[in-house]
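To start, the structure under review is shown below, and the notes come after it.
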Amino acid sequence: MPLFHLIYESRASQPVTEPDLLALLQASRDYNTRHDLTGLLLYSPEGRFLQVLEGRQAEVLALYQRISQDARHTGCVLLLSGPLAKRRFAEWRMGFRATCHSDLSALLGHVDTSSPDFLLPLLPQLSTSLLDRLFDYVHTTPAHTGLDERVTT
């Protein structure tokens, strides 16, 4: 069955503590294990989330629908979505990195979600480029102790 991915950005609706993140990650990892999903969550102290979800299209879209209605964040914007040749984050049921606003902005490059003229950029090359940057970022940025968990299967 073909793989699918999506990448979205959102903002926390209230300050998020480390215990909040730990509980969120544990629940995500449990859910993702049951639904054969993988991905990555980046969170900045300024309250920004950036998440990649990978798996079967129906599973990914169902989870995104649920996430987009979650009151813990606002301004959920779908950045990219589409077919995926292979999982980029297969070793994580939900990888995590603490990051900062400037790193997120640099990673997003020319995907400017703050623009009032923002259009959903579904170009495959843009999606591949962003996935490559995110993959490189998480493999060169030290994990935050206690929150990162590699899947060992």
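Readers should treat all values here as calculations from the given coordinates under stated rules, not as data from a laboratory. Note that the structure is predicted; figures quoted are calculated from it, not measured. Cβ placement follows ideal geometry from the backbone for every residue including glycine, while neighbour counts extend to all protein chains displayed.
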Quiz prompt | Residue satisfying condition, being of a type in the set (Gly, Ala, Ser), out of contact with any Cys (no Cβ under 6 Å at 6 or more places or on another chain), under 18 Å from Arg11 (Cβ atoms) and assigned to a strand (DSSP E or B), within set Gly75, Gly55 | solution = Gly75
Self-check item: Members of the stretch 53-75 that are surrounded by 21 or more Cβ atoms within 10 Å (Cβ to Cβ), hydrophobic (A, V, I, L, M, F, W, C) and out of contact with any helix residue (DSSP H, G or I) (no Cβ under 6 Å at 6 or more places or on another chain)
Solution: Val60
Practice problem: Read through the list (1) loosely packed, with under 14 Cβ neighbours inside 10 Å; (2) closer than 20 Å to Arg97 by Cβ; (3) in contact with a strand residue (DSSP E or B) (Cβ under 8 Å, 6 or more places away or on another chain); (4) of a type outside the set (Gly, Ala, Ser), then give the number of the only condition that Pro2 fails. | Solution: (2)
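Looking only at the stretch 76-103, which residues are under 15 Å from Gly47 (Cβ atoms) and either surrounded by 15 or more Cβ atoms within 10 Å (Cβ to Cβ) or in contact with an Asp or Glu (Cβ under 6 Å, 6 or more places away or on another chain) (or both)? Steps first, please.
The initial filter retains those residues of the stretch 76-103 that are under 15 Å from Gly47 (Cβ atoms), namely 76-77, 98-103.
Within the stretch 76-103, Cys76, Val77, Ala98, Thr99, His101, Asp103 qualify.
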Self-check item: Close pairs from the stretch 73-90: first more than 22 Å from Leu21 (Cα to Cα), partner of a type in the set (S, T, N, Q) and in a strand (DSSP E or B), Cβ under 8 Å, at least 6 apart
Solution: Arg87/Thr38
